[in-house]
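This report refers to the structure that appears directly beneath it.
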Amino acid sequence: MVCGPNHEFYAVDANWPGSVHDARVLRNTNVFAAFESGWRPFPGAVLLGDSAYPLKEWLIPPRHQNPNDETEQRFNRKHKSTRRLIECSYGILKERFPCLNHLRTQPYKSGMIVMTCAVFHNIACLIDHEPTEEYVYNEEDNFQNIDEEYQEEAPNVGGMNRVNSLLDYFRRRV
């Protein structure tokens, strides 16, 4: 899922069973294909992902787990506080539709239920203009199952340039 600042879902792909790695799911979506081909919803747009995702020019994971550089630490704090929107959006979606907490249906049907709930959630966001309850992100909710198979072997030059430009922003903010 990809969400925006108002907890609306911009993209949802519920076609994969839960045991599939997030990076593999992303690689097989229209979002990935569109961003890889250069499409952006607005100039300079990027997606933030957790450390399980590869670095791309348009997909920015956090810097090293425990960076020593203060600029990278500030970057990671801002990255984390911004990326928590998706975790909050998941929580709000599950609060709105408790059936999502314990789906016991066939995978295809479960995917359709998730998609339907996401659409109804977006409609509710439009009507309410804000979620009914704010989900408090708990650090323990962030399961980072980094699978070496999905990590990029060669550094992504465009991605590194993008991260460096973002780090420059944080250096100037001292």
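What's the carbon and sulfur percent of the range 1-109's accessible surface, probe 1.4 angstrom, rounded to a whole number?
Of the solvent-accessible surface of the range 1-109, carbon and sulfur hold 50 percent.
If you take the alpha carbon radius of gyration of the range 20-88 and divide it by 2.2 N^0.38 Å, what ratio comes out, to two decimals? Walk me through the numbers on the way to the answer.
Numbers: Rg = 12.9 Å, N = 69, 2.2 N^0.38 = 11.0 Å.
The range 20-88 yields a ratio of 1.18.
Given Cα pairs under 8 Å that are at least 6 residues apart, what percent is the relative contact order of the range 1-95?
27 percent
For K94, give me every one of the lysines with a C-alpha distance below 26 angstrom, ignoring sequence neighbours fewer than eight places off in its own chain.
K78, K80, K109
The values are calculated or read from the model by the stated rules, or taken from the named source; none is laboratory data. Being a predicted model, the structure only gives us computed values, none of them experimental. Surface accessibility is based on the protein's heavy atoms, side chains included, excluding ligands, DNA and RNA. Shrake-Rupley method; radii C 1.70, N 1.55, O 1.52, S 1.80 Å.
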